[in-house]
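Data first, discussion second: the structure below is written as structure tokens.
The values are calculated or read from the model by the stated rules, or taken from the named source; none is laboratory data. Just so it is clear, the structure is predicted and the values come from calculations on it, not from any experiment. Virtual Cβ from ideal backbone geometry, glycine too; neighbours counted across all protein chains shown. Ligands, DNA and RNA are excluded from the accessible area calculation, which covers all protein heavy atoms including side chains. Shrake-Rupley method; radii C 1.70, N 1.55, O 1.52, S 1.80 Å.
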Amino acid sequence: MAVKDILDRAVIDLDMDADDKQSAIKHLSGLLYKAGYISNMDGYVKDVYVREREGITGIGNHVAIPHGKSDSVQKVGIAIGKTRQMIEWESYDEQPVNYIFLFAVPADNENAKVHLRLLAELAAKLGNDNTMKKLEVCSGFEELAEAFA
């Protein structure tokens, strides 16, 4: 399973109206819920915040990768949001973010391994200047998918 294989138009919002971290996580969690990735939005959001308290999820270059293993997750997925403006987020480069990649990962061990592989692949892609240039200008699903091809 690769990042490009699990991109789902239903859980991507590249014109997201979020003013802060909480509204971004809530909005993306709502997309995951509506698309059937999670069964309990409140439980999932709570599990995401448990992980947020453990360490920084802003990886730099205006990107955050919040995630958390949760019993509320029905299937592995990534909700992706691009905010209209930069929002404050704890980040290694101490800069705000406008791209959020919210992982939905079941709590079992097998899916934890899948999550780690996807997270490593995503981090590598986002560390690539070409990928970041494509993401900066993308406005639709096809362009986003192309950035991860």
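Data for the structure
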| quantity | calculated |
| --- | --- |
| Relative contact order, percent, the chain [alpha-carbon distance under 8 Å, six or more residues apart] | 26 percent |
| Cα-centred dipole magnitude for the chain, charges only on beta-carbon of K, R (+1) and D, E (-1), debye, nearest 20 | 320 debye |
| Positive dipole terminus of the chain, leading residue within Ser91, Val48, Asn130 (C-beta point charges) | Val48 |
| Around Glu88: net Lys/Arg minus Asp/Glu count, Cβ-Cβ under 15 Å | -4 |
| Calculated on alpha-carbon atoms, Rg and Dmax of segment 90-149 in Å | 13.3, 37 |
| Which of Phe148, Phe141 is most accessible, then next, and so on - probe 1.4 Å | Phe141, Phe148 |
| Accessible surface, per residue, of segment 48-149 when the full set of protein chains is kept, probe 1.4 Å, Å² | 50 Å² |
| Area of Met132 that stays accessible when all protein chains are in place (1.4 Å probe, Å², to 10) | 20 Å² |
| Bridge type composition, the chain - antiparallel percent by DSSP, nearest 5 | 55 percent |
| Percent accessible area from carbon and sulfur atoms, the chain, protein chains only, probe 1.4 Å | 47 percent |
